[in-house]
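For reference, the structure discussed in these notes is given below.
The values are calculated or read from the model by the stated rules, or taken from the named source; none is laboratory data. Fair warning: this is a prediction, and the values are worked out from it, not measured in the lab. Please note: Cβ atoms are built from the backbone with ideal geometry, for glycine as well, and neighbour counts cover all protein chains shown. Heavy atoms of the whole protein, side chains included, go into the accessibility calculation; ligands, DNA and RNA do not. Shrake-Rupley method; radii C 1.70, N 1.55, O 1.52, S 1.80 Å.
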Amino acid sequence: MTRFAALALFALAAPAAAQESLPAPELAFEEVVTLAPAVVVGETPRGKRQYIPITGGSFSGPGISGTIVPGGWDWQLVRGDGCTELVADYFLETDDGVLINVVNSGTICPPQDGVPVPVRTHPVFEAPIGKYDWLNTGTFVGTLGMAEGVEGPAVKIRFYRVK
């Protein structure tokens, strides 16, 4: 049996209650990430490649807060359709000294008919087993936008847990 066929059988056999709408996502935490200027790698067969160094920042939410560890990066590919694929890889350090890896991916597209397209991301966290293990086992979605009131280039990212 193919994986698709097995998945289809599971979906048909799942109770109707499990197929109903999901509860509203809950805010896990919000980040303000500071950035250095983009480093242009150049044109590739897939598009224009560049990366943006992550220089620091901070984050906070219910039961978690700390700083963004300098040294991460946001690897970007500007596609022929004008959209930019991104994959950011960096570390958080909580106020109690725990290091958590974040790999956050998404796509940023230009406005359509003059209307901005919301940016949604898919974060994956890797935290040591313990107090922040909920990041390892949860499902999350992020929003991404420019941070205001911050010196230099920065983005604001909000991560929501989907239960």
Which residue out of Leu27, Leu7 is at pLDDT below 95, open to solvent by 70 Å² or more (accessible area, probe 1.4 Å) and not in a loop (DSSP other than H, G, I, E, B)? Leu7
Report, by residue number, each residue of region 120-163 that is in a loop (DSSP other than H, G, I, E, B) and touching a Lys or Arg at 6+ places or on another chain (Cβ under 6 Å). Gly138, Ala147
Mind telling me which of the residues Arg120, Arg158, Arg79 ends up being under 18 Å from Ile52 (Cα atoms) and either more than 18 Å from the chain's Cα centre (by Cα) or among the charged types (D, E, K, R) (or both)? Arg79
Region 100-131: number of residues that are surrounded by 14 or more Cβ atoms within 10 Å (Cβ to Cβ) and in contact with an Asp or Glu (Cβ under 9 Å, 6 or more places away or on another chain): 11
Which pairs turn up if I take residues in region 65-92 that are on the phi > 0 side of the Ramachandran plot and look for partners that are open to solvent by less than 70 Å² (accessible area, probe 1.4 Å) and assigned to a loop (DSSP other than H, G, I, E, B) with beta carbon separation below 9 Å, at least 6 apart in sequence or on another chain? Gly66/Gly97; Gly66/Val98; Gly82/Cys109; Gly82/Pro110
Does Asp95 satisfy the condition of being farther than 24 Å from Val39 by Cβ and touching a residue at least 12 places away in the same chain (Cβ under 8 Å)? yes
Residue ID - most open to solvent (accessible area, probe 1.4 Å), chosen from residues in region 61-93 that are assigned to a strand (DSSP E or B) and more than 20 Å from Ala154 (Cβ to Cβ): Glu85
Considering region 94-134 alone, what residues qualify as being in contact with a Cys (Cβ under 6 Å, 6 or more places away or on another chain) and under 15 Å from Ile157 (Cβ atoms)? Thr107
Kindly establish whether Ala18 is surrounded by 10 or more Cβ atoms within 10 Å (Cβ to Cβ), part of a helix (DSSP H, G or I), on the phi < 0 side of the Ramachandran plot and modelled with pLDDT under 60. no
May I ask you to list the residues in region 138-163 that are modelled with pLDDT of 95 or more and either loosely packed, with under 15 Cβ neighbours inside 10 Å or hydroxyl-bearing (Ser, Thr, Tyr) (or both)? Thr139, Thr143, Tyr160
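Yes/no matrix, rows are residues, columns are (1) within 21 Å of Thr55 (Cβ to Cβ); (2) of a type outside the set (Gly, Ala, Ser); (3) out of contact with any Pro (no Cβ under 9 Å at 6 or more places or on another chain):
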{"residue": "Asn101", "(1), (2), (3)": "yes, yes, yes"}
{"residue": "Thr107", "(1), (2), (3)": "no, yes, yes"}
{"residue": "Tyr132", "(1), (2), (3)": "no, yes, yes"}
{"residue": "Gly152", "(1), (2), (3)": "yes, no, yes"}
